[in-house]
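Below is one structure, written out as structure tokens, with a few remarks after it.
The values are calculated or read from the model by the stated rules, or taken from the named source; none is laboratory data. These numbers come from a predicted model, not from an experiment. Methodologically, a virtual Cβ is constructed for each residue, glycine included, from the backbone with ideal geometry; neighbour enumeration extends over all protein chains shown.
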């Protein structure tokens, strides 16, 4: 995979390539066993080869590099480096090589890797609960709609007569 990552990085200015390589080597040190792959024009690190289990990414742009965390809201950030306002994701904008060498970034990556499996499992459970809730609402809505179409509503129901 390193050849495709290097080919990808060759599209950017030299300074951005250097920053990206520094972040990449730091990510490899901090996340032993992580799977590295290109996905959505970024170098991604995941628990497996699946993009659904991504932990963090390095996105190279023309003027900066972004180090992103898919579960960044769950990370402790004593140095206040993380930016973003979404429900889950946070990122750090890295504009210089000195910024890429900041030990606080490696701490964040290590914490993300340590919490990665738990965060992914929590997300799966949350998604399942949301899907169950939506399906229950759809079934209820469908039943109500069918009852209205067939003239059966709770108010219109009459007690059944006993046959005999």
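Tabulated results
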| quantity | calculated |
| --- | --- |
| Residue that is farthest from residue 51 (Cα to Cα) [pool: residues in region 22-35 that are surrounded by 18 or more Cβ atoms within 10 Å (Cβ to Cβ) and at pLDDT 90 or above] | 22 |
| Subset of region 84-102 (residues that are over 14 Å from residue 64 (Cα atoms) and surrounded by 13 or more Cβ atoms within 10 Å (Cβ to Cβ)) | 84, 88, 89, 90, 101, 102 |
| Residues satisfying the stated conditions in region 42-53, i.e. in contact (Cβ under 8 Å) with a residue 24 or more places away in the chain and part of a loop (DSSP other than H, G, I, E, B) | 42, 47 |
| Leading residue by the ranking (modelled with the lowest pLDDT) among those in region 111-134 that are under 14 Å from residue 45 (Cβ atoms) and surrounded by fewer than 16 Cβ atoms within 10 Å (Cβ to Cβ) | 117 |
| Residue pairs meeting the criteria (Cβ under 8 Å; at least 6 apart or on separate chains; first on the phi > 0 side of the Ramachandran plot and touching a residue at least 40 places away in the same chain (Cβ under 8 Å), in region 128-149; second surrounded by 10 or more Cβ atoms within 10 Å (Cβ to Cβ) and part of a helix (DSSP H, G or I)) | none |
| Any hit, region 73-82, residues being assigned to a loop (DSSP other than H, G, I, E, B), under 19 Å from the mean Cα position of the chain (by Cα) and modelled with pLDDT of 90 or more | yes |
